[in-house]
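Visitor: Have a look at the structure that comes next, please.
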Amino acid sequence: MVLALKCFSTWGVFDIMKPYLDGTTSCGPFEVQLGYETFGGRGSGKETHAYSVGYSEDDVKAVVDICDKMIFNSLSQLQAYRHLVEGKASIGVRLNPGVSRAGQDLADPARQFSRLGVQQQQLSPSLFDSLDGVMFHINCENKSADDFIALLDDISHQFGEYLDKLDWVSLGGGVFFTWPDYELEKLAQALKHFSEKHSVQLYLEPGEAIITNTADLVVTVVDIVENGMQTAIVDSATEAHRLDTLIYNEPASIGEASQFGEFEYVIGSCSCLAGDQFCVAKFEQPLNIGQRLHILDSAGYTMVKLNWFNGLKMPSVYCQRSNGDIQKLNEFGYEDFKRSLSQWSVS
Ligand SMILES: Cc1ncc(COP(=O)(O)O)c(C=O)c1O
């Protein structure tokens, strides 16, 4: 299993995660470098995988000496850059089987006109004589082992004769094997069977499944206003600090809320965007200005997307160990904000 850094890259806690994972998978050259430097690459017993929807030649040159596997998204990228990679890293392409399990169209790799991966009808058998592996990423928060196994069968059926020629197959991320009651043994058996059937080393690229419910975004109520509903305004914004709440229109959960509480509030952000709110939540007691709230499950695709919109203060990052010890991993100040906008002014 290689950690998908696009989901979670807070490298200050990688030492806690390393015993359970075999390396990292990354997109852009900076992610690849980060994985290599902080999780461990060649020679360390860990692997660094590089896959991007679109690499420039400079990108390929920047990562080829530090990645173990280089996965191209299209046949044109493979053709353009394979000569730079041969002899340095194992080469793969992403295939798109046209089937997926993804909740929303925005995150669905099998959506109409998808640009993610090579379609079956574009493949020729000879391609696989000079490839080391392939990658499929076709799931998003898939909590059903049966569903995943059905996808595996589909892949085996569509691409089996090609897979038999390869050394490795990555099955991407989106498999929620840490979800309570996930049928882990069933998944393990299916993976073993697939790996033996096609004689390939299998990889999973989990992101979300690794860090779900590991981080809270801690906010403070700064005002309470009323306009048909009570809104508690907090010192944070989905647009800046929890972007997926906005992108996927999925309300956040508040640790202090109570399903049957009689005091209901919109948990509103302090950004200028009219519809920027975390959720509607009920509480057993009225909220007070100065009160802290915990916005649950705020690690995945959240900490990596923090931005400076509205010049809001960036949340500091802390790690709490199981013995209660708390360690600061990061804090941000005005200089970080300013530098992110310009480092030099025109003369
Ligand atoms: C190619 C690839 N691998 C792995 C992942 C990680 O997925 P997840 O965080 O859902 O496990 C993603 C997410 O978009 C991805 O695009």
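The values are calculated or read from the model by the stated rules, or taken from the named source; none is laboratory data. Bear in mind that the values here come from a model prediction, so they are computed numbers and not experimental data. With ideal geometry, Cβ positions are generated from the backbone for all residues, glycine too; neighbour counts draw on all protein chains shown. Side chains included, ligands, DNA and RNA excluded: accessible areas come from the protein's heavy atoms. Shrake-Rupley method; radii C 1.70, N 1.55, O 1.52, S 1.80 Å.
Visitor: Measuring from centroid to centroid over Cα atoms, what is the spacing of segment 218-255 and segment 7-43 in Å?
Guide: Cα centroid to Cα centroid, the span is 31 Å.
Visitor: Name the shape class, rounded, prolate or oblate, that the alpha-carbon gyration tensor gives for segment 1-118, where a ≥ b ≥ c are the square roots of its eigenvalues, rounded holds for a/c under 1.5, and otherwise prolate holds if a/b is larger than b/c and oblate otherwise.
Guide: In terms of gyration-tensor shape, oblate.
Visitor: For Ser345 paired with Ala107, estimate the spin-label separation in nm (one decimal), with each label point 7 Å from Cα along the Cα-to-Cβ line.
Guide: 4.3
Visitor: If the convex hull of the alpha-carbon atoms of segment 217-341 is projected onto planes in all directions, what is the mean projected area in square nanometres?
Guide: 8.7
Visitor: Further question on the same structure: Tell me which residues come under 5 Å, amide H to amide H, from Ser170 once H is placed; ignore anything under 5 positions away on its chain.
Guide: Val134, Met135, Phe136, Tyr203
Visitor: Among 77-84, 92-99, 133-140, 325-332, how do they line up by average Cβ neighbours within 10 Å per residue, starting with the highest?
Guide: Highest-to-lowest ranking by the protection proxy: 133-140, 92-99, 77-84, 325-332.
Visitor: Here is a further query. Stick to the Cα atoms of segment 3-210, pair each with every other, and give me the Kirkwood hydrodynamic radius in Å at one decimal.
Guide: With all distinct Cα pairs of segment 3-210 included, I get 17.3 Å.
Visitor: Take the Cα radius of gyration of segment 147-247 and divide it by 2.2 N^0.38 Å, with N its residue count; two decimals is plenty.
Guide: In units of the globular-protein estimate, segment 147-247 measures up at 1.68.
Visitor: Please list, in order along segment 277-288, the HN-Hα scalar couplings obtained from phi with the Karplus expression 6.51 cos²θ - 1.76 cosθ + 1.60 (θ = phi - 60°), rounded to whole Hz, x for Gly and Pro.
Guide: Per-residue couplings from phi come out as 9, 7, 4, 10, 9, 9, 9, 6, 10, x, 6, 10 Hz.
Visitor: Same structure, new question: Could you tell me what percent of the DSSP beta bridges with both partners in segment 217-341 are antiparallel, to the nearest 5?
Guide: Antiparallel bridges: around 85 percent, rounded to the nearest 5.
Visitor: According to the Cα gyration tensor, what semi-axes, each the square root of 5 times an eigenvalue, does the equivalent ellipsoid of the chain have, listed from largest to smallest in whole Å?
Guide: 39, 24, 19
Visitor: Here is a follow-up. For segment 217-341, with every protein chain kept in place, what is the accessible area per residue (1.4 Å probe, Å²)?
Guide: 59
Visitor: Using alpha-carbon pairs under 8 Å, 6+ residues apart, how would you state the relative contact order of the chain in percent?
Guide: The value is 13 percent.
Visitor: How much accessible area per residue does segment 1-122 have, in Å², with a 1.4 Å probe?
Guide: Accessible surface, normalised per residue, equals 46 Å².
Visitor: Starting from segment 205-299, pick out the chymotrypsin sites (Phe, Trp or Tyr not before Pro) whose DSSP state is loop and whose Cβ has at most 16 other Cβ atoms within 10 Å.
Guide: Answer by residue number: Tyr248, Phe260.
Visitor: Then there is this: Using a Cα-Cα cut-off of under 20 Å, which aspartates and glutamates could be cross-linked to Lys61, ignoring same-chain neighbours fewer than 8 residues away?
Guide: Glu31, Glu37, Glu47, Glu86, Asp132
Visitor: Could you estimate the translational diffusion coefficient of segment 74-166 from the Stokes-Einstein equation, with Rh from the Kirkwood formula over C-alpha pairs, at 10 °C and 1.306 mPa s, in whole µm²/s?
Guide: Diffusion coefficient, whole number: 111 µm²/s.
Visitor: Separate question: Calculated FRET efficiency, Ser114 and Tyr318, Cβ-Cβ r, R0 41 Å, to nearest 0.05?
Guide: Taking R0 as 41 Å, the efficiency between Ser114 and Tyr318 is 0.60.
Visitor: How large a share of the accessible area of the chain, in percent, is made up of carbon and sulfur atoms when the probe is 1.4 Å and the other protein chains stay in place?
Guide: Here carbon and sulfur together make up 48 percent of the probe-accessible area.
Visitor: Where only protein heavy atoms count, and the probe is 1.4 Å, what is the accessible area per residue for segment 124-180 in Å²?
Guide: For segment 124-180, the solvent-accessible area averages 38 Å² per residue.
Visitor: Right, here's the next one. Which pairs in the list Lys46/Lys197; Lys305/Lys338; Lys69/Lys305; Lys6/Lys192 are over 22 Å apart, alpha-carbon to alpha-carbon?
Guide: Distance filter (> 22 Å) returns Lys46/Lys197; Lys69/Lys305; Lys6/Lys192.
Visitor: Among rounded, prolate and oblate, which fits segment 2-44 when a ≥ b ≥ c are the square roots of the eigenvalues of its C-alpha gyration tensor, a/c under 1.5 means rounded, and a/b larger than b/c means prolate?
Guide: Taking the square roots of the gyration eigenvalues as a ≥ b ≥ c, segment 2-44 is oblate.
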